[in-house]
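Heads up: the structure comes next, in structure tokens.
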Amino acid sequence: MLDAWNTATAPPSGEPLAQLVYGSRLLGREPGLVLHGGGNTSVKTTVTDLTGDPVEILHVKGSGWDLATIEPDGFAPLRLDRLRALLTLDRLSDTDMMNELRCASIKAGAPDPSVESLLHALLPQDAVLHTHADALLALTNQPDGADVVGKVFGDSVIVVPYTMPGFDLARRCARVVPEAMHGGTVGLVLRGHGLFTFGADVEEAYRRHIDLITRAERYLAEHAPPSRPHPAPPRVDPLWMARLRREVSDVAGAPMLLTRHDDPAILAFVARPDLASVATRGPATPDHALRTKRIPLVGSDVTAYARDYRRYFAEHRARRETPLTMVDPAPRVILEPSLGMVTAGRSGKEARIARDIYRHTIGIIEMAESIGTYRAPSAADIFDVEYWELEQAKLRRGRPAPEYTGEVALVTGAASGIGRACAEALRARGAAVVGVDIDPRAAAVHDDDYLGIQADVTDPAAIDRAIDRAADRFGGVDIVVAAAGVFPDSRTLDRLDMDAWRRTMAVNVDSIAYLFSRVHPLLALAPRGGRVVLIASKNAPAPGPGAAPYSASKAAAVQLARVAALEWAADGIRVNIVHPDAVFDTGLWTAELLQERADHYGMTVEEYKRRNLLGVEITSARVGELAATLCSDAFAATTGAQVPIDGGNERVI
């Protein structure tokens with residue numbers, strides 16, 4: 001592993017907290033060392049308090065901070081004397097330990113300290129760094145892991161048997177480490193946890209850390225097997241993903257997102273003839289079970305997986321003296337050769353974290369198998385972390401999720417105007433959104449819960465690809481908002497442009513008919529029932545002169561949606577229609593055009609915008625909120641409805 005410490009830019013040892021931030025970021029940017037908030041670091045200093053007395057302080061990484069981006073405020077400053085006093089206790093619950101750690105802070109607004117703070121306090125060296133290095137876990141996760149570590153590192157590290165993190169681990173190290181420590185000791189290898197290194201300053205601790213990891217990597221490289229061929233990426237029917245997602249969601253008791261992955265390393269792993277064995281031995285480190293469950297589902301029998309998980313819970317629940325709340329029994333990682341790897345979560349972020357962790361687990365298993373036999377901590381040890389009192393407390397404190405959490409909305413015309421407002425309103429309520437638009441800006445936006453796709457809605461092949469990508473990325477579709485549309489130049493019928501007529505019909509009607517025909521099977525598999533909102537127009541019930549193509553196309557789309565409401569009700573799919581009017585914050589309206597129309601009516605622009613019975617301005621955001629609300633449980637008994645949002649229009653009324 002590359003030693004990235006740059007003495008020219010790194011803070012000096014005389015600035016220990018700044019140096020800790022620098023070193024922590026170097027470790028945090030290496031995914032082979034830490035993932036998603038993992039790892040912790042600390043430095044000991046002496047400060048003068050308000051009374052003028054010197055106070056020894058442990059600055060330790062705070063909960064919720066990522067090493068890659070941590071700032072000085074991400075470290076909790078704790079009184080060392082109090083932490084050392086806690087280490088003399090024989091027993092301490094982790095809940096009480098965390099309370100004591102918070103009380104030891106000299107800064108009221110500091111983050112919660114790391115659960116390993118007492119271990120950092122125990123070690124006498126000023127700087128301590130801890131990671132879950134992949135290469136190290138490949139060495140320790142063996143039947144003879146301690147012997148393998150000794151072969152690679154000699155007596156430069158102390159090996160500590162697996163122990164539950166928190167107070168128990170700190171107490172065990174307090175018994176083992178001082179007696180085993182000698183002048184050549186540079187680190188601790190905690191089986192099932194990872195690597196601790198220490199030094200007089202952060203630079204020394206960092207260089208020791210990188211040196212040990214490099215030695216482990218070299219040893220593994222010497223035993224690396226030849227690469228195995230992998231199958232070509234599979235072509236997966238989106239209905240398969242949707243069915244799998246429905247089964248996972250039903251078992252979880254809530255809608256879940258599923259994301260499929262088929263890179264070469266994953267395909268090679270799932271093609272292993274011993275997949276069912278190596279993949280079901282457990283996670284590389286017990287805390288990974290909080291994100292991936294103890295084992296993945298190998299194959300696609302979700303019901304059997306849930307049954308086995310309930311049995312696992314029943315077998316181990318007596319390990320806790322207090323009542324436990326079982327987490328949902330749905331898998332978070334699914335390994336199926338014909339799919340690759342599928343990860344699940346209530347959000348795109350959860351599915352991504354499960355992906356990242358299990359990708360590294362695959363690498364650890366492969367490395368471990370190359371030097372021996374991969375062995376994870378026991379099911380009992382993993383259960384203890386999965387149902388740790390601190391994790392159970394989080395469940396009790398959990399807030400209700402936004403109403404569309406775990407659901408997927410496909411929005412056409414999502415790059416601007418009403419379509420974008422609909423996408424934003426649905427995302428604000430927790431939905432993952434697939435935004436489709438011919439505008440290239442649609443594809444410029446990507447994050448955990450948004451997939452932007454540039455596509456012409458009149459191109460059936462492009463719509464097919466968009467639906468395939470939606471199924472691959474999120475597992476299916478629950479909500480469709482058809483907002484893409486065009487408004488051709490105003491012409492009376494005697495000057496009708498048939499090319500404009502056909503183009504308008506193609507975008508405003510034909511594309512919706514094709515989208516409906518393709519997306520219906522996915523909507524029928526939506527865990528909470530499919531929902532469709534058509535963004536129509538006031539021109540459907542109340543057409544205007546000079547707008548024949550637009551008015552006729554919107555009226556045809558309304559009839560299409562009404563037929564869908566009739567045909568799809570038996571599948572639990574609701575189809576409703578919104579009729580906006582005078583929405584002036586869209587791309588159709590420029591400041592010049594607004595001024596021209598206001599002048600025509602002898603009004604100011606602001607008066608013209610409110611030219612309706614209620615005297616209110618109709619914005620894209622208002623239309624988006626209405627569309628999102630129509631998808632809610634408030635309208636669970638409504639389908640085929642047509643809702644105007646126009647401030648009151650005499651012709652519509």
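Things worth noting here:
- For the residues D262, D250, the requirement of being closer than 19 Å to S300 by Cβ, touching a residue at least 60 places away in the same chain (Cβ under 8 Å) and crowded, with 18+ Cβ neighbours inside 10 Å singles out D262.
- The numbered conditions (1) loosely packed, with under 15 Cβ neighbours inside 10 Å; (2) in contact with a His (Cβ under 7 Å, 6 or more places away or on another chain) are all true for P77 except (1).
- The one condition in (1) out of contact with any Ser or Thr (no Cβ under 9 Å at 6 or more places or on another chain); (2) in contact (Cβ under 8 Å) with a residue 60 or more places away in the chain; (3) of a type in the set (A, V, I, L, M) that M97 fails to fulfil: (1)
- Residue among W589, W568 that alone is more than 21 Å from N539 (Cα to Cα) and out of contact with any Cys (no Cβ under 8 Å at 6 or more places or on another chain): W568
- Single condition D499 does not satisfy, out of (1) closer than 29 Å to R622 by Cα; (2) open to solvent by 60 Å² or more (accessible area, probe 1.4 Å); (3) acidic (D, E): (1)
- Here P225 fulfils each of the conditions (1) touching a residue at least 60 places away in the same chain (Cβ under 8 Å); (2) outside any helix (DSSP H, G or I); (3) open to solvent by 70 Å² or more (accessible area, probe 1.4 Å); (4) within 30 Å of G530 (Cα to Cα) apart from (4).
- Residue among V128, V152, V157, V115 that alone is touching a Phe, Trp or Tyr at 6+ places or on another chain (Cβ under 8 Å) and either within 27 Å of D356 (Cα to Cα) or crowded, with 22+ Cβ neighbours inside 10 Å (or both): V128
- Listed by first and then second residue, the pairs with beta-carbon distance under 6 Å, at least 6 apart or on different chains, first residue in the stretch 68-94 and small (G, A, S), second open to solvent by less than 20 Å² (accessible area, probe 1.4 Å) and part of a helix (DSSP H, G or I), are A68/G28.
- Pair list, Cβ < 6 Å and 6+ apart or interchain, from the stretch 467-479 residues that are within 19 Å of R429 (Cβ to Cβ) to residues that are small (G, A, S) and at pLDDT 95 or above: F474/A432; G476/A242; V477/A470; D478/A526; I479/A409
- Test: residue in the stretch 352-372 that is open to solvent by less than 20 Å² (accessible area, probe 1.4 Å), modelled with pLDDT of 95 or more and within 30 Å of R441 (Cα to Cα): yes
- The test for being surrounded by fewer than 19 Cβ atoms within 10 Å (Cβ to Cβ) and at pLDDT below 95 holds for L588.
- Matching entry among A564, A627, A569 (being under 20 Å from V519 (Cα atoms), open to solvent by 40 Å² or more (accessible area, probe 1.4 Å) and small (G, A, S)): A569
- A Cβ distance below 6 Å, combined with a sequence gap of six or more or placement on separate chains, defines the contacts here; from the stretch 190-208, residues that are on the phi > 0 side of the Ramachandran plot and open to solvent by 50 Å² or more (accessible area, probe 1.4 Å) reach no residue that is outside any strand (DSSP E or B) and modelled with pLDDT of 95 or more.
- Condition check for A461 on (1) without any contact (Cβ under 8 Å) to a residue 40 or more places away in the chain; (2) open to solvent by 40 Å² or more (accessible area, probe 1.4 Å); (3) of a type in the set (A, V, I, L, M, F, W, C); (4) not in a helix (DSSP H, G or I): one failure, at (4).
The values are calculated or read from the model by the stated rules, or taken from the named source; none is laboratory data. Treat the numbers as computed from the prediction; the structure is a model and nothing was measured. All Cβ positions, even for glycine, are placed from backbone atoms using ideal geometry, and neighbour counts span all protein chains on display. Side chains are part of the model used for accessible areas, which takes the heavy atoms of the whole protein and leaves out ligands, DNA and RNA. Shrake-Rupley method; radii C 1.70, N 1.55, O 1.52, S 1.80 Å.
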